[in-house]
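Written out below as structure tokens is the structure these notes cover.
The values are calculated or read from the model by the stated rules, or taken from the named source; none is laboratory data. Everything numeric in this text was worked out from a predicted model, so none of it was measured. Here Cβ is always computed from backbone atoms with ideal geometry, including for glycine, and neighbour counts include all displayed protein chains. Surface areas here come from the heavy atoms of the whole protein model, side chains and all, with no ligands, DNA or RNA. Shrake-Rupley method; radii C 1.70, N 1.55, O 1.52, S 1.80 Å.
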Amino acid sequence: MHVLVTGGTGYIGSTAVEILLSQGYQISILDDCSTGHADTAPAGVTFIQGSLLNGGDLAQALVGVDAVMHFAGKSLVGESVEKPVMYQQVNVQGSRNLLDEMHKSGVTKLVFSSSAATYGEPEHVPILESAPTKPTNPYGATKLEIDQMITAEATSRDIAAASLRYFNVAGAYKSDRGWLAERHNPETHLIPNVLRSTKENPVKIFGTDWPTSDGTCVRDYVHVVDLIDAHIKALESLQPGKHEIYNLGSGDGYSVRQVVTAASKATGHEIPTLDSPRRAGDPAVLIADINKAKSKLGWIPTRGIESMVTDTLASFN
Ligand code: UFG
């Protein structure tokens, strides 16, 4: 099967490219490299450095393709609050263009990177796919709008689609060419920040007065390799006219302090931390109910928080 990976030079997209290739899929990549890195694109793939906002780039990227994994998009909550119009443009308009160009090219299979940010502050945890969707920031709102667009597309144009709602993706993947890992600038994610913490520049703990067992936020971390495994299972299970939504997490929650403890074990030294005020927009607890992905896709995440920390650490060297 020939898969177009949009955003295929980013952290998650580049990992998908490597794993798909290793399993015999043929790959095209469309990425504008605004946050991705062209050097991740392996030999043997068709790489179009271009944009979802350019019809010509899209048409070229879809040549010969059977299915699309759509990772491209802006993904920082804080940035989305400052630049909501850019998030509408890139995420929503970009996805609209992709769906229209897929229709023109006769490509009917789609796996989309959605987000737990579509749910907003949960009323109940663990969060089911049927939970209310009330995003609390423009990033989550754009992901929800795209999910709704895809549902309409499945009904009106009979496409076969899955939206995968990621919780906290972490870890790294060791390919034959070396480690693929987070290379964000600036890095906002907890695990890389904890592992880079120094006495001079300690990692900030955003809030120590949350209503949780140790006062710090609880999140559901899922290893990027398990995440891509779910994408491939979702791709292989697509049904025409159906749009399925799956939560992807581990089903377990870890507090910020528990992540720091896991990192301390992995590095063999204490991690300097600085108790700091709450970060705007953070919910206290986000944990996925992953039973739908387990039962319908036969997906079982197998890599725990220790692997996420040790793989991220190994990728630094
Ligand atoms: N945190 C710190 N210090 C840091 C970084 C993070 O204390 O330096 C805390 C955050 O406050 C939060 C937790 O660690 O409680 C995890 O934060 P991340 O920034 O790693 O991840 P988020 O939970 O904010 O965001 C992730 C994805 C988003 C997605 C969101 C929805 O990165 O794209 O999950 O579940 F929208």
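For this structure, a couple of remarks:
- Within the stretch 33-73, the set of residues being assigned to a loop (DSSP other than H, G, I, E, B), open to solvent by less than 50 Å² (accessible area, probe 1.4 Å) and among the hydroxyl-bearing types (Ser, Thr, Tyr) comprises SER51 only.
- Among the residues making up the stretch 151-167, a single one is of a type in the set (Val, Ile, Thr), surrounded by fewer than 21 Cβ atoms within 10 Å (Cβ to Cβ) and in contact with a strand residue (DSSP E or B) (Cβ under 7 Å, 6 or more places away or on another chain): THR151.
- Counted residues, the stretch 133-175 - those being in a helix (DSSP H, G or I) and either within 14 Å of the ligand (Cβ to nearest atom) or of a type in the set (Asp, Glu) (or both): 11
- Contact map, the stretch 120-144: first residue open to solvent by less than 70 Å² (accessible area, probe 1.4 Å), second residue assigned to a strand (DSSP E or B) and of a type in the set (D, E, K, R), Cβ cut-off under 7 Å, separation 6 or more or different chains; pairs are GLY120/LYS134.
- Filtered by the rule that a residue be among the small types (Gly, Ala, Ser) and within 18 Å of the chain's Cα centre (by Cα), the stretch 265-298 gives ALA288, ALA293.
- Residue ranges of strands (runs of 3 or more DSSP E) in the stretch 181-284 with at least 3 members over 26 Å from ALA131 (Cα atoms): 203-206, 273-276
- The set of residues in the stretch 1-23 that are polar (S, T, N, Q) and not in a loop (DSSP other than H, G, I, E, B) comprises THR6, SER14, THR15, SER22.
- Criterion (within 11 Å of the ligand (Cβ to nearest atom), touching a residue at least 60 places away in the same chain (Cβ under 8 Å) and open to solvent by 20 Å² or more (accessible area, probe 1.4 Å)) met by exactly one of PRO301, PRO277: PRO277
- Residue list for the stretch 176-188, filter: within 16 Å of GLY13 (Cβ to Cβ) and either within 11 Å of the ligand (Cβ to nearest atom) or crowded, with 18+ Cβ neighbours inside 10 Å (or both): LEU180, ALA181, GLU182, HIS184
- Taken over the stretch 297-309, the residue count meeting the criterion of being in a helix (DSSP H, G or I) and touching a Lys or Arg at 6+ places or on another chain (Cβ under 9 Å) is 3.
- Qualifying position, being within 16 Å of the chain's Cα centre (by Cα) and either of a type in the set (S, T, N, Q) or over 28 Å from ASP229 (Cα atoms) (or both), among SER105, SER113: SER113
- Complete set of residues in the stretch 76-99 that are open to solvent by 50 Å² or more (accessible area, probe 1.4 Å), within 19 Å of GLY36 (Cα to Cα) and either away from the ligand (no atom under 16 Å from the Cβ) or touching a Pro at 6+ places or on another chain (Cβ under 6 Å) (or both): GLN89
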